[in-house]
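Quick note: the coordinates plus some simple rules give every number you see, no bench work behind them. Note that the structure is a prediction, hence the values are computed from the model and not measured. Because the Cβ atoms are built from the backbone with ideal geometry, glycine has one as well, and the counts that use them run over all protein chains shown.
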Amino acid sequence: MKSEKKQAEKIKEISGVNPLKCMKCGKCSATCPSFAEMDIKPHQFVSYVQNEEIEELTKSVSLWKCLSCFACVERCPRDVKPGKIIDAVRQLVEREKDGDYLSPNEIPELLDPEIPQQLLVSAFRRYRR
Amino acid sequence: MQRIGVFVCHCGSNIAATVDVKKVVEMAMCEPGVVHAEDYPYMCSEAGQAKIQAAIKEKNLGGVVVCSCSPRMHENTFRKAAEKAGLNPYMVEIANIREHCSWIHKNMEEATEKAVILMKAAVAKVNLNTPLQAGESRVTKRALVIGGGIAGIQTALDIAEAGYPVDIVEKTPSIGGRMSQLDKTFPTLDCSACILTPKMVEANAHPNINIYTYSEVEKVSGFVGDFTVDIRKKARSVDMSKCTGCGVCQEKCPNKKTPNEFNRGLNNRSAIYTPFAQAIPNVPVIDREHCTKFLTGKCGICAKVCQAGAVDYEQQDEIITEKYGAIVVATGFNMINLDKYDEYAYSQSKDVITSLELERIMNAAGPTKGHLERLSDGKAPKEMVFIQCVGSRCADKRGKSYCSKICCMYTAKHAMLIRDKYPDVNVTVFYIDVRTPGKNFDEFYRRAVEEYGVNYIKGQVGKVIPQPDGKLLVQGSDLLSNKQILKEADMVVLAAAIEPEPGVRNIATMLTASIDTNDFLTEAHAKLRPVESPTAGIFLSGVCQGPKDIPETVSQAGAAAVKAIGLLAKDKLTTNPCTAKADELMCNGCSQCANVCPYGAISYETKLINDHGVREDRRVAVVNSALCQGCGACTVTCPSGAMDLQGFSNRQILAEVDAICR
Amino acid sequence: MSINNNSEFKPKIVAFCCNWCSYAGADLAGSSRLTYPADVKIIRVPCSCRVNPMFILRAFEKGADGVILCGCHPGDCHYTSGNFYARRRMTLLFSMLDYIGVENGRTRVEWVSAAEGVKFSATMNSFVEKIYSLGKNVRLEDLRCKN
């Protein structure tokens, strides 16, 4: 499917990840705290994107189980960063929905400077549903 | 202008079938400077060469162009022929009208036209050729081996056996290197010390081998065949000629709190020590940084107990200067620092160890006398987990990009030895790929799985979590069953990546040997000259060139020795005359050429220059023609155009360009 | 060869080949009888780093329609690092040439090993084809020194 190819390209663009760098060691899944709750495991995300099977990824519950703890990003020996792929797929799904749960103006009040920015952004994506 | 002769070869029909050779001869006669032109069916034959020689003599030729096959084929043949006729061999140029013309073009008109142009280019070049003399330099018949591990020992033995004197410089107090730290070796499971010690003894006893232990190379100058090296012999504080190696000093030394490097810091040693029992030389050294006598001035027990009176607190570092014809680098490797891998809890738990530490634990002379036990509480482990590729094959900054090559095999060895000696211990290996190319290697690994029941799991470990009860919780992937595994282990062994010995970059800089981004020394050619450095006279032995196991190291050590012997066997070296040369009048001493030179062949001298009557001291580039390999990088870099390459000068190449574009 | 020879245009193409890899690759192309157009004339240099930008400027000044520089693959240089120097120099030179009107298509750097006769021939074919498509290098004509 052509659109899946496009989506895969989009995911690579958003995440900045090159799935071809993966050597399939599985350290991402080994290190993932939400592994048990995921249907598609972190290491599989990489090969799904590589094989351009995006449809399944967008339906995956893993998107909403990933804590964005970024342990996989930190520990990936090949710099593939599966966490960023998951985040990118999330973003892709979000972009295809409509309406915002929060208006940008409300955000500053809710902000705690201690929270890592990445966590915040990805939390918005997760809980906006 | 030279008097030039052009000789066109038919090469049977190889050239003549597609190139009108008569036309080439005819056109050659029209070229400026050409006084003779002829064709012949086989120029490279005896008769063909005789024709060239006759023409050189009769017509008093100053330059020769042979239109024939590739210069890679017969340039030497024709140069030698010309030399016999009294012409400088470097006055011969080849126009390649076979490989680059007749063989690839079908149209005769087109091919002839191209052959004529190639001939013209060669004539234009030879017009500007200058006679070159291959230089000569002498060879000091002595070799230096840097590093006294198995690679250095083997290289030294091979060179010494060929009859040349060799010096080994070893940084630590004893030769033996990493191999002396190993317990057993794969795939035959021989005891490492049992096969290494005889080699160490042989090297020590060999009349042609001289060993400098506790010494380091400090300065290297000179070039192939004629290196001058300063070696710093660090003060041992023990007189080697007096010491009998009785070991009483080590027993009596009251300061036994220094981490034992040989046992990877797993236990402590005395301040006066020999690294291990079979050390060669069997003479202790005083570690001045930890010795009470040196720290506080009060002690001196070792001197008191030494019957031979060998302990000498006043000993000073000594600099030895020696000349060498060839240098072999055999600096070996170390394990990487695991500080950046805190997910494996290496620094948090004593029971997470590296494979080399496990070697020491398994060794009868090691910190646990060969008993497999947890270093934290001395209990025998029941569950052991091995983690592969820790720091190897990493694209990030924490690890190394390469495969360390030996880990798969030594892990199989460890797993097998443990299962053999302690059948009640379960061994699990987390692997990414199992790489076992090598004679009897895969069989060895399969034996570990099939006969010894080692549990291999495809997947990497994400983290190791020390538990309050002292156990280690290992969280890893099982990719084949798509599961995350949580496993309690008593000990975790990390197959840490190996890296070149950290001092090698400094040594490479002294030797002007090139080194890659991983600090491995670069070979002269990755496939065809794997044991030579691009810097002439420098040879590579062992892991300093790339990860390898013991048999590979030994064979490479032998190869490096042969290359060094080949060099030492020569009385004189002929140097390639096509080297760079600086025009002193134009050089402004900017150093840019020296920066790009891969061989360190360019240095600077302050010289009295007579520039059109103005006499002044100037800093000018001087090329050492024995070192220069003639790549020409400097010629293009030189901003003033002072640097030129003999045999491929700017004017010659421009003349060729002009002839082709005319 | 898919080159249209009906026109009068006969390009002059200079190929600088390093002695250790590309020149040997060209020899292999020859001994394997892999054809490429006769418009290509090879100049042997010890290393790609020997090629002074001056040589290339001179070629264009004298009427060359294309110049190609061939060296060993990165990491395989006989002199260890020469091809890296060449690559840097040529990147700079070619962008400058493009600026003054010698299109990028007329200049090229290729890595050809001694074992790549096929690649040498294919490279030369594609390069010549490109030069044919670009046509005569007219823009520098006025700058040429007429001998």
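Across the residues of B:470-478, average count of Cβ atoms on other protein chains within 10 Å?
Working: counts 0, 0, 0, 0, 1, 6, 5, 13, 3.
If you average over the peptide's residues, the count of other-chain Cβ atoms is 3.
Considering every pair of different Cα atoms, what Kirkwood radius, in Å, is found for chain B? Intermediate results must be reported in sequence, preceding the final value.
On the way: mean 1/r = 0.0340 Å⁻¹.
Over chain B, the inverse of the mean reciprocal pair distance is 29.4 Å.
Can you run the Rg to Rh ratio on the stretch B:332-481? Use alpha carbon positions and the Kirkwood inverse-distance Rh. Spell out each step's value before the answer.
Details: Rg = 15.1 Å, Rh = 16.1 Å.
My calculation puts Rg/Rh at 0.93.
Expressed as a whole number of Å, what is the distance separating the alpha-carbon centroids of the stretch C:11-31 and the stretch B:89-156?
Between the Cα centres of the stretch B:89-156 and the stretch C:11-31 lies a distance of 13 Å.
Translational diffusion coefficient of the stretch B:248-305 at 25 °C, 0.890 mPa s, Stokes-Einstein with Kirkwood Rh over Cα pairs, in µm²/s as a whole number. Could you put the intermediate results ahead of the total?
Numbers: Rh = 11.6 Å.
In µm²/s, the coefficient is 212.
With an 8 Å Cα cut-off and a minimum separation of 6 or more residues, compute the relative contact order for the stretch B:580-646 in percent. Let's see the in-between values first.
Numbers: 127 pairs, mean separation 30.9, N = 67.
Result for the stretch B:580-646 is 46 percent.
Could you check the spin-label model distance between residue C:10 and residue B:304? Points 7 Å from the Cα along Cα→Cβ, value in nm.
For the pair residue C:10/residue B:304, the computed spacing is 10.1 nm.
Quick check on my link table: of A:41/B:487; B:293/B:340; B:219/B:256, which ones sit more than 31 Å apart, alpha carbon to alpha carbon?
Details: A:41/B:487 19 Å; B:293/B:340 37 Å; B:219/B:256 35 Å.
Check vs 31 Å cut-off fails for B:293/B:340; B:219/B:256.
Just want the ordering: A:28, C:72, from fewest to most Cβ atoms lying within 10 Å of their own Cβ. Show your work: numbers first, answer last.
Details: A:28 31, C:72 27.
The most exposed by this proxy come first: C:72, A:28.
What FRET efficiency comes out for residue B:244 versus residue B:379 if R0 is 60 angstrom and r is the Cβ-Cβ distance? Round to the nearest 0.05. Walk me through the numbers before you get to the answer.
Details: r = 41 Å, r/R0 = 0.68.
In this case the efficiency is close to 0.90.
How high is the relative contact order of chain C? Use alpha-carbon pairs under 8 Å, at least six apart in sequence, and give a whole percent. It would help to have the intermediate numbers written out before the result.
Details: 251 pairs, mean separation 52.2, N = 147.
That works out to 36 percent.
For the stretch B:425-580, what's the relative contact order in percent, using C-alpha pairs closer than 8 Å and at least 6 residues apart?
Numbers: 191 pairs, mean separation 17.2, N = 156.
In percent, rounded to a whole number, it is 11.
Straight distance only, please: which lysines reach the Cα of residue C:62 with their own Cα at less than 22 Å, same-chain residues fewer than 8 apart left out?
Excluding near neighbours in sequence, the set is B:114, B:120, B:125, C:10, C:12, C:41, C:130, C:136, C:146.
So how do C:39, B:420, B:20, C:65 line up by other beta-carbon neighbours within 10 Å, fewest first?
Least to most surrounded, the residues fall as B:420, B:20, C:39, C:65.
So what are the radius of gyration and Dmax for the Cα set of the protein assembly as shown, in Å?
Calculated on Cα positions, Rg and Dmax stand at 34.2, 101 Å.
Computed on alpha carbon atoms, what radius of gyration and Dmax characterise the stretch B:116-202, expressed in Å?
Calculated on Cα positions, Rg and Dmax stand at 24.6, 70 Å.
Which whole-angstrom value gives the distance between the alpha carbon centres of the stretch B:22-74 and the stretch B:371-412?
Taking the Cα centre of each part, the stretch B:22-74 and the stretch B:371-412 sit 68 Å apart.
Past 22 Å, Cα to Cα, is the threshold; run B:59/B:84; A:81/B:483; A:59/B:458; A:10/A:97; B:59/B:80 against it and keep the listed order. Walk me through the intermediate numbers first.
Values: B:59/B:84 15 Å; A:81/B:483 20 Å; A:59/B:458 28 Å; A:10/A:97 16 Å; B:59/B:80 19 Å.
Flagged as over cut-off: A:59/B:458.
Alpha carbon centre of the stretch C:63-141 versus the stretch B:564-628: separation in Å?
31 Å
Where does each of A:60, C:48, B:555, A:29 land when they are ranked from fewest to most other beta-carbon atoms within 10 angstrom?
Details: A:60 22, C:48 33, B:555 13, A:29 27.
Ordered by Cβ neighbours within 10 Å, fewest first: B:555, A:60, A:29, C:48.
Using only Cα atoms, what is the ratio of the radius of gyration of the stretch B:126-168 to 2.2 N^0.38 Å?
Working: Rg = 18.3 Å, N = 43, 2.2 N^0.38 = 9.2 Å.
This ratio for the stretch B:126-168 stands at 2.00.
Helix hunt in chain B: which complete DSSP H runs extend at least 15 Å axially by C-alpha with mean Kyte-Doolittle at least 0.0?
On the way: long enough: B:46-58 (18 Å, -0.46); B:71-84 (20 Å, -1.75); B:108-127 (28 Å, 0.37); B:150-161 (16 Å, 0.92); B:192-205 (20 Å, 0.59); B:407-421 (21 Å, -0.02); B:550-568 (26 Å, 1.01); B:650-661 (16 Å, 0.38).
TM-like helix candidates: B:108-127, B:150-161, B:192-205, B:550-568, B:650-661.
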